[in-house]
Amino acid sequence: MSNPGTSNTASIESRAQLVEAISRGCKPQSEWKIGTEHEKFGFILPHDADGRAPLSPPPYAPRGIGALLEKLQGPDWSPIMDGENLIGLKGQNVQAGRAISLEPAGQFELSGAPVVSLQETEAEMQEHYDQVRGPAAELGLGFLPFGFQPLWSRDEMPWMPKSRYAIMRNYMPKVGTLGLDMMTRTCTVQVNLDFSDEADMARKMRVSLALQPVATALFANSPFVEGKANGLLSNRARIWTDTDNQRSGQPSVFFEDGFGFEQYVDWALDVPMYFVSREGKNIDVAGCSFRRWLAGDIQEPLKGLTPTVGDFEDHLTTVFPDVRLKQFLEMRGADAGKLEMMVAQSALWVGLLYDPATLEAAEKLVREQPWSAYQQLRAEVPSLGLDAAFPGGLKPLAKRVLQLAEQGLRARVRNEAGYLDPLHLIADGGPNQAQYWLDLYNGAWGQSVKPLFTEAAI
């Protein structure tokens, strides 16, 4: 989740300004980049010198996530503050373009710099792990990239001192049963990709939104809840089915042939608001309508406030469809996991979307079935993975998708196709990450999830 407080203070005079705010993302293909974001759970290392509960989630303070941010500060990382609290770091110098932020329960996120190649993506991720590992160990902390917190209950998770999260924490239970679990007990990996114009954006949106359930199945890595297997492969994906359906999922309007920037703006205007930022502070306007605010129908929390383009840009960070449009497209359907798998997630979408011929072929492929088939698939893959029902079989579809992705990567002539190898193994019948861990859980680990904190830690 992005930090609030964009700097565009221009008052909104027309919807065209909102459309323009998104369309500024259009870039020629020669300038397309890859931006990868990934999250991980902190945990207290076993035999911690302070006697803290082994494997428990660390608080913000003392000797927790806040202290780790302080240790990482330096010439290459400047502080991001929320009031008096350090809640993130902005990269500069050699870290320019990167940012470190905190999810609600202290999940540690790197938002990577826009890079040209998947080799750079892999190197950036490994460098981040190397930078974090030592300072974290000094604080008695480790990190686990996993789709859902495998051991601790919602009530046992800490809350970070970010004001927007306090607003969301109060609002989430009003619109779904699992929103607080989404906030505190999930971790994802996403890749952010560019588009050349509105038509290119719309085509990429349709293809990627339809195929997010395939990605969910391939990258499933959250089969445990509170120390037990719960019969799911991606509990993170299940959580999103009842978080806040007004702002998440696969909205049907995104699939329509006339879909474009205006239609996305209209959809976003009807998603209830969370906050507006003024003078560095977030004002709770949860549940208010941005559309009514624009029309001059002022709701009580918004009295005296004039809507700005920056308010709308902040609002766009609080909508959570499986593919999110800002000035780029965010692929949001995968669980966090092993480094090689998180790089493979970027490789999958770069291969499918960045070669025009491959994108055209991918659109033809997804149009073989109605959009409703992919929406139904989204509901089934959290429990069934690639065994979910789909016309012609989901595994054959996954194989065709991976063949296209490999075609697209080879067209880039960057020696990137090998990053798809772990996905080919899964589509050919091998275990996904969740199934791999379940085999250990039911075998060598004696139905304990605690070995995960060693075996899957960074």
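The values are calculated or read from the model by the stated rules, or taken from the named source; none is laboratory data. Predicted model, so just to flag it, every value in this text is computed and none were measured. Positions of Cβ are backbone-derived with ideal geometry, glycine not excepted, and every protein chain shown enters the neighbour counts. Accessible surface is based on the protein model in full, side chains and every heavy atom, while ligands, DNA and RNA are left aside. Shrake-Rupley method; radii C 1.70, N 1.55, O 1.52, S 1.80 Å.
Laid out as a table, the results:
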{"quantity": "Estimated inter-spin distance, K303 and R154, nm [label 7 Å along Cα→Cβ]", "calculated": "3.3 nm"}
{"quantity": "Area of I87 that stays accessible when all protein chains are in place (1.4 Å probe, Å², to 10)", "calculated": "0 Å²"}
{"quantity": "Region 121-198: relative contact order in percent, alpha carbon pairs under 8 Å with at least 6 residues between", "calculated": "35 percent"}
{"quantity": "Bridge type composition, the chain - antiparallel percent by DSSP, nearest 5", "calculated": "95 percent"}
{"quantity": "A229/D50 FRET efficiency (R0 35 Å; Cβ-Cβ; nearest 0.05)", "calculated": "0.65"}
{"quantity": "Accessible area of R154 in the full protein assembly, 1.4 Å probe (Å², nearest 10)", "calculated": "80 Å²"}
{"quantity": "Rg over Rh [alpha-carbon atoms, Kirkwood Rh] for region 1-154", "calculated": "1.03"}
{"quantity": "Cα-centre dipole for region 179-289 with unit charges at Cβ (Lys and Arg positive, Asp and Glu negative), debye to 20", "calculated": "600 debye"}
{"quantity": "Potential lengthening between Q119 and D270 on full extension [0.36 nm per residue; Cα-Cα distance subtracted]", "calculated": "50.4 nm"}
{"quantity": "Stretchable slack from E455 to T317, in nm (0.36 nm times residue separation minus alpha-carbon distance)", "calculated": "46.3 nm"}
{"quantity": "Gain on full stretching of the segment that runs from R278 to N442 - 0.36 nm per residue minus C-alpha separation", "calculated": "53.8 nm"}
{"quantity": "Convex hull of region 406-458 built on C-alpha atoms - directionally averaged projected area, nm²", "calculated": "4.9 nm²"}
{"quantity": "Nearest-0.05 FRET efficiency for A61 and R367, computed from C-beta distance (R0 60 Å)", "calculated": "0.70"}
{"quantity": "Once exposed loop GluC sites (Glu not before Pro) are cut out (DSSP; at most 11 other Cβ, 10 Å), longest piece of the chain", "calculated": "85-278"}
{"quantity": "Relative contact order %, the chain, counting alpha carbon pairs below 8 Å whose residues are six or more apart", "calculated": "22 percent"}
{"quantity": "Pair Q73, A166: separation of 7 Å Cα→Cβ label points (nm)", "calculated": "2.1 nm"}
{"quantity": "Mean Kyte hydropathy of -0.5 or more with a Cα span along the axis of at least 18 Å, helices from DSSP in the chain", "calculated": "198-218, 339-353, 371-384, 394-411"}
{"quantity": "Label-point separation in nm, D387 to T177, each point 7 Å along Cα→Cβ", "calculated": "2.4 nm"}
{"quantity": "Charge dipole (debye, nearest 20) of the chain; +1 at Cβ of Lys and Arg, -1 at Cβ of Asp and Glu", "calculated": "420 debye"}
{"quantity": "Summed side-chain charge close to K395 - residues other than K395 whose Cβ falls under 15 Å, Lys, Arg +1, Asp, Glu -1", "calculated": "-1"}
